[in-house]
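Here you go, one structure.
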Amino acid sequence: MSEPSPAGNFRPADSPSYESILQCMRCGFCLAVCPTYALTNRERSSPRGRAALARAVAEGRLEFTPAVGEEAYFCLDCKACTTACPAGVRVGTIMEFCRSQEQGFRPPSLPAGALRDFILKRMLPSPALMEGSLLPLRLYQRLGVQWAVRRFGINRFLPGALAKMEGILPALEKPLRLELPEVIPAQGKKRGRVAFFLGCAMSLVFPEVSRQTARILSQQGFEVVTPREVKCCGAPHLAEGDRDTARRLALTNLDLFLGLEADAIVTDCAGCGCALKEYEELLEGHADHGRLGRFRAKVRDVSEFLAGAGIRTEELRPVPMSVTYHEPCHLVHGQGLSGPPRHLIGKIPGVELREMKESNWCCGMAGSFALKEREASRKLLERKLAHVRATGADALVTANPGCHLQLAWGVRELGMKQPVLHVVELFGRALPA
């Protein structure tokens, strides 16, 4: 066989590198940790199967068929396979490239494509447009329509994806971006200055969580700077194969946050943190390598930052409750952070951490996966919540908005009593009033 070209049957733009695909040795360590393989027992739906498909395309032995595109989107990109892989093969990242390829080979129909472009290229890059888009949903809740829809079972008659979207919708408050002070002074002895990366979902859907994040950082002795010009981190665009828009957003955030002269860039969203830490790779050749390195060195998940800085505990109040912790994929596998959230929980007086089985397995949300693959998503969720129930814990703790939405919906659907909390919400209960 002749030496394969760098792209083979991939389109040259945004194709996975042949070297990254070739790393897979087909050892099978990934099979035991892949949720979609556990569901289907289908080789092509395993990490090594997906790598084999990508390799065949790169070597010109296979066209970029619909099956390749289907597997690219059926992959959860939970990154558990990378954690398990002796060679560190990043199949999730390879599948992200394949999603971009799918958009090139088989663009969506005109109406679907127009809607997709509007969401990815216009709505998500505009915080103001995102905030305005939630006003009808807030009215839907304030006027009691949601109560009636759920109380009388009207949501059962909605189309599947729409019913799931309605089901996971939490009680909405005013977006946080314009309400949070741009600078919050440090309390007590100042220990440093941090830039808070306020994520879209956190500002819009879980504003109280991010309000607690800023409060905790301040209480722990850090000046908190939250720029209102922040853009979406680009994670939804990478997940949906729109790498061009992800790059544009990343360049804006790179300039914005490097100009703040902060000691660290802190986020409370695992998905945002994972995307921010990948800017160095995403923007290679599009921005100065030194600036990318400085940016990457500053990015920290809030639990990672506090654990590294050392947590002041002298003023913390007891929080007498038991909790179990679900590890977001983009935190434990994407960022390699398993210990810091547990460290943060362990510093709260009175809290008992009860470990659940398979705490680092995906809950089935995975961005749009929960809407496109609803049956598979529900099976993964039910597996997760069975482990939660077995702990008998008072509350379920996590650290990512997507997980939070999915888990809270599942808890309600199954009639479970545990509230779902972000780890900083739990820590916030221990702060002095």
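Let me check against my output: what whole-number percent is the relative contact order of region 18-105, with C-alpha pairs under 8 Å and at least 6 apart? Could the numbers behind the result be given before it?
On the way: 113 pairs, mean separation 29.7, N = 88.
Relative contact order of region 18-105: 34 percent.
Something else now. What's the local net charge at Gly334, with K and R +1, D and E -1, over the other residues with C-beta under 13 Å away?
Details: positive: Lys79, Arg90, Lys277; negative: Asp77, Glu96, Glu278, Glu281, Asp301, Glu304, Glu327.
Overall, the nearby charge balance is -4.
Now for a separate question. I want the antiparallel fraction of DSSP beta bridges within the chain, as a percent rounded to 5.
Here the antiparallel bridges make up roughly 10 percent for the chain.
Over region 145-242, what is the mean sequence separation of C-alpha contacts under 8 Å (at least six apart), divided by residue count, expressed as relative contact order in percent?
Working: 108 pairs, mean separation 30.0, N = 98.
Taking the mean separation of contacting Cα pairs over the length of region 145-242, I get 31 percent.
Could you pull out which residues in region 24-39 have an amide N less than 18 Å from a spot 7 Å beyond the Cα of Glu358, following the Cα-Cβ vector?
Hits in region 24-39 for Glu358 at 18 Å: 29-39.
Identify which of Pro86, Pro236, Pro111 has the largest mean-square fluctuation in a Gaussian network model of the chain, with springs joining Cα atoms closer than 10 Å.
Pro111
Cα centroids of region 342-399 and region 13-77: how far apart, whole angstrom?
26
Let me ask something else. Per residue, what volume in Å³ does the Cα convex hull of the chain take up? If you can, show how the numbers build up before the last one.
Details: hull volume 63.1 nm³, N = 433.
Hull volume over Cα atoms, normalised by residue count, gives 146 Å³.
Anyone know which of Gly415, Gly49, Gly350 comes out most mobile in the 10 Å Cα GNM of the chain?
Highest fluctuation among the options: Gly415.
Here is a follow-up. For region 183-308, what is the convex hull (Cα atoms) projected area averaged across all directions, in square nanometres?
Working: hull surface 29.0 nm².
The number I arrive at for region 183-308 is 7.3 nm².
Across 10 Å bins from the origin, how do the percents of Cα pairs in region 279-355 run, short distances first?
16, 36, 28, 13, 7, 0
For Leu371 and Arg116, compute 0.36 nm times the residue count separating them, minus their Cα-Cα distance, and round to one decimal in nm.
On the way: separation 255, 0.36 × 255 = 91.80 nm, distance 1.45 nm.
Extending this stretch completely gives an extra 90.3 nm.
Follow-up. Under a Cβ-Cβ cut-off of 12 Å, what is the net charge of the residues other than Ala7 that fall near it, where Lys and Arg count +1 and Asp and Glu count -1? Please report the intermediate quantities before stating the final value.
Details: positive: Arg11; negative: Asp14, Glu59.
Net local charge, Ala7 excluded: -1.
Where the convex hull is taken over the Cα atoms of region 133-236, what is its projected area averaged over directions, in nm²?
On the way: hull surface 32.4 nm².
Hull-based average projected area comes out at 8.1 nm².
Going highest first, how would you order 146-154, 366-374 by mean Cβ packing within 10 Å? Please report the intermediate quantities before stating the final value.
Values: 146-154: 12.4, 366-374: 18.8.
Output ranking for 146-154, 366-374: 366-374, 146-154.
Given R₀ = 35 Å, what would the calculated FRET efficiency be for Met25 paired with Asp288, taking r from the Cβ atoms and rounding to 0.05? Let's see the in-between values first.
On the way: r = 35 Å, r/R0 = 1.01.
The pair Met25/Asp288 has a calculated efficiency of 0.50.
Out of residues 5 or more away from Leu62 or on other chains, whose amide H comes under 5 Å of its own, with H placed 1.01 Å from N in the peptide plane?
Val57
For Leu137 and Met321, what is the calculated FRET efficiency with R₀ set at 41 Å and r taken between the beta-carbons, to the nearest 0.05?
Values: r = 31 Å, r/R0 = 0.76.
Once rounded, the FRET efficiency stands at 0.85.
If the viscosity is 0.890 mPa s and the temperature 25 °C, what Stokes-Einstein diffusion coefficient in µm²/s follows for region 385-433 when Rh is the Kirkwood radius over Cα pairs?
Translational D for this selection: 215 µm²/s.
Let me ask you something else. Give the long-range amide H neighbours of Leu421: residues separated by 5 or more places, or on another chain, with amide H under 5 Å away, using H modelled in the peptide plane at 1.01 Å from N.
Leu396, Val397, Thr398
Still on this structure, please answer the following. Using a Gaussian network model on the chain with a 10 Å cutoff between Cα atoms, which of Glu280, Glu315, Glu229 fluctuates the most?
Sorting by GNM fluctuation, first place goes to Glu315.
What is the sum of charges, Lys and Arg at +1 and Asp and Glu at -1, for the other residues whose Cβ falls under 11 Å from the Cβ of Glu43? Present the calculation step by step, with values, prior to reporting the outcome.
On the way: positive: Arg26, Arg42, Arg44, Arg48, Arg50; negative: Glu71.
Summing Lys/Arg as +1 and Asp/Glu as -1 gives +4.
Next question. Can you list the trypsin sites (Lys or Arg not before Pro) in region 297-358 that are in a DSSP coil and have 14 or fewer other beta carbons within 10 angstrom?
Values: sites: Lys298, Arg300, Arg312, Arg342, Lys347, Arg354, Lys357; in loops: Arg312, Lys347, Arg354, Lys357.
When the trypsin sites (Lys or Arg not before Pro) of region 297-358 are filtered for loop state and at most 14 Cβ neighbours within 10 Å, Arg354, Lys357 remain.
Sticking with this structure for a sec: Report the convex hull volume per residue for region 113-168, counting only C-alpha atoms, in Å³. Don't skip to the end; give the middle numbers.
Numbers: hull volume 5.0 nm³, N = 56.
Dividing the Cα hull volume of region 113-168 by its residue count gives 89 Å³.
Further, regarding this structure: Extension gain Thr65-Arg150, at 0.36 nm per residue separation less the Cα-Cα distance, in nm?
Details: separation 85, 0.36 × 85 = 30.60 nm, distance 4.14 nm.
In short, 26.5 nm is gained.
Here is a follow-up. Translational diffusion coefficient of region 39-194 at 20 °C, 1.002 mPa s, Stokes-Einstein with Kirkwood Rh over Cα pairs, in µm²/s as a whole number.
On the way: Rh = 20.2 Å.
Taking Rh from Cα pairs, D becomes 106 µm²/s.
For region 316-428, just run the numbers: alpha carbon Rg, then divide by 2.2 N^0.38 Å, N being how many residues it has.
Values: Rg = 13.4 Å, N = 113, 2.2 N^0.38 = 13.3 Å.
Working it through for region 316-428, the quotient is 1.01.
Let me ask something else about it. With a 4.7 Å Cβ cut-off, tell me which Cys residues in the chain come up empty for a partner.
Those would be Cys24, Cys27, Cys34, Cys75, Cys85, Cys98, Cys200, Cys232, Cys274, Cys363, Cys403, since no other cysteine Cβ in the chain comes under 4.7 Å of theirs.
Rule-based calculations on the coordinates, nothing more; no lab input. Everything numeric in this text was worked out from a predicted model, so none of it was measured. We place every Cβ from the backbone using ideal geometry, glycine too, and count neighbours over all the protein chains shown.
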